[in-house]
Amino acid sequence: MRIVRNSRRLMACGLAAAGALSTALAVSSPALAVVKREGAWPANDTKVSLDVDRVPREEAIKKLAAAAGWSVVVHAPGIDPVDVHVKDQPADKVLELLLLDAEYIATRDGSLVSIRRAKGDAAAGGRGDGPREAPGARGPRGRPGDDDRDDDDKDDDDDGDEPAGMAAPPIPPIPPIPPIPPLPGADGPPGVAAPGAAMPPEPPGAPRERGRDREVTGESLKIGKNEVVNDVSVMGGSLDVLGTVMGDIDVTGGTVRIRDGAHVHGDVSAVGGDIKVDDGGRIDGEVAVVGGSVRRGERAIIGGGSHGSGRTHAAKGSSGAGVVDDGSDGDSGEAPRAWSTTAAGTAAKVGSAFARMALLFVFGTVLLALAPAQMDTLKTELVARPMRSFAMGVLGVLGAAVTSVVLCVTVIGIPFALLGALAALFAIGASMCAVLETVGRGLVRHKSQNPYVHLGIGCALLFAVSAIPVVGKVVLAVVVLLAVGMLVSTRAAGLVKKRAGAQPYRSAVV
């Protein structure tokens, strides 16, 4: 029995020593810093990629917010340097890893994130500054409340209770926790903010509220780096964005440039100008351009699609030319998307040119059938004096421009100018059909005498030549000038009668 009691005593001493050691380690080790989330956090947050070295913690948080599309407000200082090298990781997980130095509360409302220290972590007094005794410390007899018991009464007791008279080993002292540095402007003890002390200022790049609208006409506009505006409208000028635009951007007759760090929450549209998105720039909405192109950097982010007649170009060295950036490497998907965009643009141009030539051919067949005498008059003038027709076309275009300006000066003359423009377009189209029919007849008159065949060959030839970048425009301009000159020389194919008493007008003889 004595051996059994001694074994029990040794086991009790070992268990007591192990429990005391684990308690000391648990109390003396600092608690793992956690980030408590408040507000609406999505289940799958935006994936980001960061690559920075030796930057202050708050600067790393700002770069994370810019990559994730957040507007961040930090209420706690963080000047200790950190290194961040992550790729395609959720933004909220990266934020938790950046906030391991203390306990924080992160509150989110949409894309606005606020970060502050937890109340229990802000003051050092709550953690204890010196050694303290663990609750329920044993007395000299081994268990609390056994001061009046006699050890001899328990020696012969074989009921399995813990042996009396064995004192637990002393608990090692808890090392003091270093105090938290005081907040800027605090005059109280370390770790505790003084009453009325000013909190650290918010980062200058964090937008405080939805800014006002900006409308500019006849000049360019620049949105500063720390500026937050709502909708932006610029007419007759360019726009340079370095800050935050909460609404949409509409620019007419100018270029839109989204700089590094700029963020546009709405859509961006440009008429008669380009849209340029630098590396680090972000557009959450759609991009629409008419008469221009979309140029984006390698790390630019455009959340929506691209609409309009413009083209999309990637910056030099970029692996893709698409508009949508989903955060993935995606070399296999970018090349087909760029090829499909180029093919679609080429097909649209070819289809538009073919439709114009088909419409011109139909218009010419109607004129050849209903007004053959007037069409013969125009063709005869072109064959007899082609260079004179060209020169008269140049003079006719200049005269029409001057006449339009004179008519538009007064309100009464504007309707006449509009009617004259419509009549001029109709007459020039008819004269162009005469030019194309003459060209086609000169090419195949030895094989066919059908004027409709001649007109079809002329339209097909103009369609083919118009595909050449520079030559096509020059040929089209020559055809238009010849058409105008033929109208001037023949007084609109004889429709405008000459004045009484005037000299006979010199015209070509059939």
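The values are calculated or read from the model by the stated rules, or taken from the named source; none is laboratory data. Quick caveat: nothing in here was measured; it's all calculated off a predicted structure. Cβ atoms come from the backbone with ideal geometry, glycine included; neighbour counts cover every protein chain shown.
Residue-by-condition table, conditions (1) free of Cβ contacts under 8 Å to residues at least 24 places away in the same chain; (2) within 18 Å of residue 69 (Cβ to Cβ):
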position	(1), (2)
222	yes, no
246	no, yes
251	yes, no
267	no, yes
273	no, no
278	yes, yes
282	no, yes
286	yes, yes
290	yes, no
Enumeration of residues in the stretch 271-287 that are modelled with pLDDT of 90 or more and either outside any loop (DSSP other than H, G, I, E, B) or buried (at least 23 other Cβ atoms within 10 Å of the Cβ) (or both): 275, 276, 277, 281, 282, 283, 287
Inter-residue pairs, beta-carbon under 9 Å, first among the hydroxyl-bearing types (Ser, Thr, Tyr) and in the stretch 96-108, second in a loop (DSSP other than H, G, I, E, B), 6+ apart: 104/33; 104/34; 104/76; 104/118
Residues located in the stretch 27-46, provided they are in contact with a Pro (Cβ under 6 Å, 6 or more places away or on another chain) and modelled with pLDDT of 80 or more: 45
Criterion: farther than 26 Å from residue 353 by Cβ, small (Gly, Ala, Ser) and modelled with pLDDT under 90 - qualifying residue of 420, 472, 442: 420
One residue from 425, 455 being under 18 Å from residue 359 (Cα atoms) and either of a type in the set (Val, Ile, Thr) or touching a residue at least 12 places away in the same chain (Cβ under 8 Å) (or both): 455
Flag for residue 377 being hydroxyl-bearing (Ser, Thr, Tyr), closer than 19 Å to residue 460 by Cα and surrounded by 14 or more Cβ atoms within 10 Å (Cβ to Cβ): no
Any hit, the stretch 70-89, residues being closer than 12 Å to residue 45 by Cα, modelled with pLDDT of 85 or more and among the small types (Gly, Ala, Ser): no
